[in-house]
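Reading through the structure tokens given below for one structure.
The values are calculated or read from the model by the stated rules, or taken from the named source; none is laboratory data. This structure is a prediction, so every number in the text was calculated from the model and none was measured. Every residue, glycine as well, gets a Cβ built from its backbone with ideal geometry; the counts of neighbours run over all protein chains shown.
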Amino acid sequence: MLQSLAGWIGAVIYYLFALLVIAFACYCLYIKYIHMKYDHIPGPPRDSFFLGHSTSITRQLKANQLVHDLFLEWSLKYGPVCRLNMLHYVAITVASPEATKEFLMSSKYPKDALTYKKLFDFFGTRFLGNGLLTNTDHDYWYKQRRIMDPAFSNTYLRGLMETFNERAEFLVEKLEEAAKNNTSVHMHSLLNCVTLSVIAKVAFGIDLNLLETDTPFPKAIEACLKGMVNYLRDPMIQLKPWMWGFIKEVKEAIRFLRRTGEECIRERKNAIKNGEEVPKDILTQILKTAELEEHDDHEQMLDNFLTFFIAGQETTANQLSFAVLELGRHPEILEKIRQEVDDVLGVRQDIQYEDLGKLSYMSQVLKETLRLYPTAPGTSRWIAEDVVIEGIHIPGGLPVVMNSYVSGRMEAFFPDPLKFDPERFHPDAPKPYYTYFPFALGPRSCLGQTFSQMEAKVVLAKLVQRFHFHLLPGQSFEIMDMGTLRPSSGVLCNIKSRSQAS
């Protein structure tokens, strides 16, 4: 009996092993088929049959090097269409203005579900879900966008100037204190606090002065961003016991932010229902329009709460940090922008909406900052059918990546690309032809870009109007990739009040 049972178990193991061998052989043949299908597309040699180019990318990340520099190197070497392999997956990167125009300006190409659906949840906890950023169904996304649009109209945004000024003054007070005490400051941290307090107030009615009080919001957002980077780069992260504490921290951060959104939405809905006076902020506009559209998906509202709460402060803070970094390295540009601010504002500290349009050189500085340091460096679309890009036939069924970091640093599009030169964006200069897209382009372009640049102008104008800032020596000028790009050093400065200097 035992001998018969042992024989049966041995046979089962044998057949299972045989099936595994056959399955593995079939998978290898499928990978080979994929290679044959796409290998006519230029690209670097694969590191291995199975891992493709992932080893090179991992090596870049482990060396704390920016992966976008590797993509730039490959685009310069192999051309505007470049193939990337990993296992049986293939993606292409394009640095072609015509292709960028085709893929971003047309609704024919949806967002790449393989990439954006990874942001639906982290470690089993819903993160950005089916929000405005991540939704890949065009019709469903369009309905959301229509609901959101009134909250970002120029008429509404004009009314935010008071809040922009008020929150920027919190930063001014903090910097005046540092100047008086002759202490250095971590500009990125301070700018993060300002932009977070702005989005909290104008979007959701949450009153935070993060420069004066200690709250869990900055730590929660930082945990979410770190979680995003680690989750996307390491598919095996949940199998590593030494990462379980970090994973728990990320999940708790997400739950905290979603609970906060839950409370804001519930309170605002009740206030509207009871006919109470409510702030005319983004949340009110979204809820009112959603009611008119009969679109009341509560979980999706929370998805968008997180989307706006995180993206609405992170990208603007990073842009301002890079701008301060470059102005510190180029005193002649700083002096020119300061002169413009003095000419427009004089000694007046309250910045009006009409002033923003007169700060044309500041607009050039901010645009040039985003050319060199696009805070959200890339976007992807899905090609379902065969296309031809730059004369190369691309079989359908793969994602295409447009990287504004790569395009912005190519000599073919921007002569002397590593030079920080705001004159590239002078009103009389030739306009970049689908090579500059820090907020993406077309129907899926960033809804909050006008909001972001209004806020950036108010904050930067107050900085250059009131202070001299000098970069501390010895700090790094490298870029850190946290899903968004930020200065790795944090932009350490010595601050001196202009009134003290005079």
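Residues checked against (1) at pLDDT 85 or above; (2) under 35 Å from the mean Cα position of the chain (by Cα); (3) closer than 30 Å to VAL94 by Cα:
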residue: TYR15; (1), (2), (3): no, no, no
residue: ILE22; (1), (2), (3): yes, no, no
residue: TYR30; (1), (2), (3): yes, yes, yes
residue: SER56; (1), (2), (3): yes, yes, yes
The lone exception for TYR231 - which of (1) within 23 Å of LEU171 (Cβ to Cβ); (2) hydroxyl-bearing (Ser, Thr, Tyr); (3) modelled with pLDDT of 80 or more it fails
(1)
From the options ALA456, ALA461, ALA440, residue that is surrounded by 13 or more Cβ atoms within 10 Å (Cβ to Cβ), at pLDDT below 95 and small (Gly, Ala, Ser)
ALA440
What's the number of the condition GLY328 fails, among (1) under 21 Å from LEU356 (Cα atoms); (2) of a type in the set (Gly, Ala, Ser); (3) in contact with a Cys (Cβ under 7 Å, 6 or more places away or on another chain)?
(1)
What is the one condition in (1) in a loop (DSSP other than H, G, I, E, B); (2) modelled with pLDDT of 95 or more; (3) in contact with an Asp or Glu (Cβ under 6 Å, 6 or more places away or on another chain) that GLY396 does not satisfy?
(2)
Cβ-Cβ under 9 Å pairs, at least 6 apart or on other chains, the range 167-184 side closer than 15 Å to SER499 by Cα, far side among the aromatic types (Phe, Trp, Tyr)
VAL172/PHE467; LEU175/PHE467; LEU175/PHE469; GLU176/PHE467; ALA179/PHE467
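Here is a yes/no grid of residues against (1) among the hydroxyl-bearing types (Ser, Thr, Tyr); (2) without any contact (Cβ under 8 Å) to a residue 24 or more places away in the chain; (3) in a helix (DSSP H, G or I):
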{"position": "VAL406", "(1), (2), (3)": "no, no, yes"}
{"position": "PRO415", "(1), (2), (3)": "no, yes, no"}
{"position": "LYS419", "(1), (2), (3)": "no, yes, no"}
{"position": "ASP428", "(1), (2), (3)": "no, yes, no"}
{"position": "THR435", "(1), (2), (3)": "yes, no, no"}
{"position": "ALA440", "(1), (2), (3)": "no, no, no"}
{"position": "PHE451", "(1), (2), (3)": "no, no, yes"}
{"position": "MET454", "(1), (2), (3)": "no, no, yes"}
{"position": "VAL458", "(1), (2), (3)": "no, no, yes"}
Single condition GLY378 does not satisfy, out of (1) small (Gly, Ala, Ser); (2) closer than 30 Å to HIS88 by Cα; (3) surrounded by 22 or more Cβ atoms within 10 Å (Cβ to Cβ)
(3)
Identify, from the list LEU208, LEU190, the residue that is modelled with pLDDT of 85 or more, more than 18 Å from the chain's Cα centre (by Cα) and closer than 26 Å to SER452 by Cβ.
LEU190
Which condition number does HIS298 fail, the rest of (1) within 18 Å of ILE147 (Cβ to Cβ); (2) buried (at least 21 other Cβ atoms within 10 Å of the Cβ) being met?
(2)
Being surrounded by fewer than 21 Cβ atoms within 10 Å (Cβ to Cβ), at pLDDT 85 or above and among the hydroxyl-bearing types (Ser, Thr, Tyr) is the filter here; which residues of the range 108-131 pass it?
THR125
Kindly indicate whether CYS264 is among the hydrophobic types (A, V, I, L, M, F, W, C), surrounded by 18 or more Cβ atoms within 10 Å (Cβ to Cβ), over 23 Å from the mean Cα position of the chain (by Cα) and at pLDDT 85 or above.
yes
Selected residue (only one of THR155, THR134, THR163 is β-branched (Val, Ile, Thr), assigned to a loop (DSSP other than H, G, I, E, B) and either closer than 26 Å to VAL202 by Cβ or modelled with pLDDT of 95 or more (or both))
THR134
With the first residue restricted to the range 32-50 and required to be among the aromatic types (Phe, Trp, Tyr), and the second required to be in a loop (DSSP other than H, G, I, E, B) and surrounded by 12 or more Cβ atoms within 10 Å (Cβ to Cβ), Cβ contacts under 8 Å at 6 or more apart or on different chains are TYR38/PRO395; PHE50/LEU87
Cβ pairs under 6 Å, 6+ apart, first in the range 334-363 and touching a residue at least 40 places away in the same chain (Cβ under 8 Å) and within 11 Å of ARG466 (Cα to Cα), second assigned to a helix (DSSP H, G or I) and of a type in the set (Val, Ile, Thr):
ARG338/VAL464; VAL341/VAL464
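Residue-by-condition table, conditions (1) under 20 Å from PHE164 (Cα atoms); (2) in contact with a Pro (Cβ under 7 Å, 6 or more places away or on another chain); (3) surrounded by fewer than 18 Cβ atoms within 10 Å (Cβ to Cβ):
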residue: LEU327; (1), (2), (3): no, no, no
residue: LEU334; (1), (2), (3): no, no, no
residue: ILE337; (1), (2), (3): yes, no, no
residue: ASP343; (1), (2), (3): no, no, yes
residue: VAL347; (1), (2), (3): yes, no, yes
residue: ASP350; (1), (2), (3): yes, no, yes
residue: LEU359; (1), (2), (3): yes, no, no
residue: MET362; (1), (2), (3): yes, no, no
residue: GLU368; (1), (2), (3): no, yes, no
